[in-house]
Amino acid sequence: MVCQKPREIAARVLLKHAESRVFLEDLLARELTSATLKSVDRALVQELCYGVVRWQLALDWLIQKQARQPETSVQARVLLRLGLYQLFWLDRIPAHAAVNETVEAARTLELGPLGGFVNAMLRNYARNIDTTKAALQELKTKDPAVGWSHPKWWIERTAKRLSPGDLQALLAWNNQPADTFARLNRLKTDGGPLIARWRDEGVDYDFAKYDWTSENQIFRLRHHPSIERLKTFKDGWFYVQDPSTLLAVHLLAPRAGERVLDLCAAPGGKATLIADALDNDGEVIAAEPDARRRQRLTENCDRLGADVVVVAPNDPRTAGPFDAVLIDAPCSNTGVLRRRIDARWRLTPNDITQCHRIQVELLSTGLKRLGPQGRAVYSTCSLEPEENEQVVEEVLAKLPGFTVAKSQSLHPVRDKTDGAYVALIVPTSSAHR
Ligand code: SAM
């Protein structure tokens, strides 16, 4: 049976999320594909799922304060989080609706006697909205990890680099819904025709411009029907990506006729942008070790008509020499915590060490594949120095003959984009050309 009520769908997604290692975004997409919902209800399901996972630690603090038993079952915790999130984070939902519909969801999902327990705690909190909101506000300074719902270890390490005000702004940023951006695919169309078709499709947008993007290249989507169902999307007229991801390709500056290696290519946001910059004249070897992600890369290249992209596992085709190499390394994603909803709960300090090791390997490999006059760009969406400057320093210390021509960091709050780091690396002999 297809369930049509937003809270029931949200509860089901959140239950599956709590019991599996599957990414929240994937679980939500699967559930929404099989549901028939008005767009306002689709938006509510997404807001509930994302909000509950973002604010999980603060929500659990509320649950802990009132639970009689120290251990609450996963099902009860998920429903309580869902109800409490509506009570304290969504002002537009009346308290009685938040309580009743969450209890109703427990009943429909056949969670048996849980309904009574959930009902009692939510009603109790519904009688104390103002004092509880004040306590939640106070928690942000008294215990930032819980108050801002982030891992304690990550806040502690980030606090060593940022002022208290900047740290607070970053934590707040990470808990905000992320804007959706569309990048024009010039291999298929121009800005004018795209905008004209969007008007018919009901896509509402703003023009967006950054130092590293050109006019009409990137648009902030304000309101739109489901993106995958848009004909302009299916026709490959645009790709969904944050403006920050265009910086690495801007710095690499691919020119028509060149051979380019994209060493970490899936799902293809940058590989297809390189093809766009080459105007499909030249060659892009897009290497990706993960077979499933390679499949998505191929689909995206086909959709966008990025004909010069050759999708490859890490095989002899990637041997070089190349005019330009992009190393868009796998990373901890700490610059995109706003977008990768559950990444903060998956991440461990050891992941940063592991990423550093892989990044050093990948950057070394990439540089060895450069031609004598070539250039490389190393990039991540991490805020951690160990994954950025320190990787470049370590590799260049081991591989003499290269130098950093330019590097740039994008900071979420300061630059109003996702976080990113990019470094342009060239052979020393060509540095002063
Ligand atoms: N450049 C892509 C884009 O713009 O769409 C995003 C790349 S993503 C940040 C990093 C990619 O590197 C992942 O698809 C991952 O599978 C791949 N990768 C390549 N070498 C890897 C390695 N040694 N270990 C883990 N992942 C690796």
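The values are calculated or read from the model by the stated rules, or taken from the named source; none is laboratory data. Given the structure is predicted, the values throughout are model-derived calculations rather than measurements. We place every Cβ from the backbone using ideal geometry, glycine too, and count neighbours over all the protein chains shown.
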- Could you please find all residues in segment 254-279 being more than 6 Å from the ligand (Cβ to nearest atom), among the hydrophobic types (A, V, I, L, M, F, W, C) and part of a loop (DSSP other than H, G, I, E, B)? ALA256, LEU263
- Count of segment 24-61 residues which are under 27 Å from LYS140 (Cα atoms) and assigned to a loop (DSSP other than H, G, I, E, B): 1
- Starting from residues that are more than 12 Å from the ligand (Cβ to nearest atom) and not in a strand (DSSP E or B), keep the ones in segment 307-329 and report whichever is surrounded by the fewest Cβ atoms within 10 Å (Cβ to Cβ). PRO316
- Task: Could you list all residues from segment 194-237 that are buried (at least 17 other Cβ atoms within 10 Å of the Cβ), over 26 Å from LEU252 (Cβ atoms) and hydroxyl-bearing (Ser, Thr, Tyr)?
- Result: TYR205, THR232
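Could you pull out the residue among ALA248, ALA178 that is away from the ligand (no atom under 16 Å from the Cβ) and either touching a residue at least 60 places away in the same chain (Cβ under 8 Å) or under 30 Å from LEU57 (Cβ atoms) (or both)? Working first, answer last.
Working: ALA248 fails: away from the ligand (no atom under 16 Å from the Cβ).
The conditions single out ALA178.
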- Being surrounded by fewer than 16 Cβ atoms within 10 Å (Cβ to Cβ), touching a helix residue (DSSP H, G or I) at 6+ places or on another chain (Cβ under 9 Å) and in contact (Cβ under 8 Å) with a residue 12 or more places away in the chain narrows THR428, THR380, THR365, THR403 down to just THR403
- Note on the structure: ARG303 fails exactly one of (1) away from the ligand (no atom under 13 Å from the Cβ); (2) outside any loop (DSSP other than H, G, I, E, B); (3) without any contact (Cβ under 8 Å) to a residue 60 or more places away in the chain, namely (3)
- Kindly establish whether ILE93 is aliphatic (A, V, I, L, M), outside any helix (DSSP H, G or I) and either over 26 Å from the mean Cα position of the chain (by Cα) or crowded, with 16+ Cβ neighbours inside 10 Å (or both). yes
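One line per residue, one yes/no per condition, for (1) within 14 Å of the ligand (Cβ to nearest atom); (2) in a loop (DSSP other than H, G, I, E, B); (3) under 14 Å from the mean Cα position of the chain (by Cα); (4) modelled with pLDDT of 95 or more:
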| residue | (1), (2), (3), (4) |
| --- | --- |
| CYS331 | yes, yes, yes, yes |
| GLY335 | yes, no, yes, yes |
| ARG339 | yes, yes, yes, yes |
| ASP351 | yes, no, no, yes |
| GLN354 | yes, no, no, yes |
| ILE358 | yes, no, no, yes |
| SER364 | yes, no, no, yes |
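What residue, among those in segment 282-300 that are among the acidic types (Asp, Glu) and either over 24 Å from GLU387 (Cα atoms) or outside any loop (DSSP other than H, G, I, E, B) (or both), is nearest to the ligand (Cβ to nearest atom)?
GLU299
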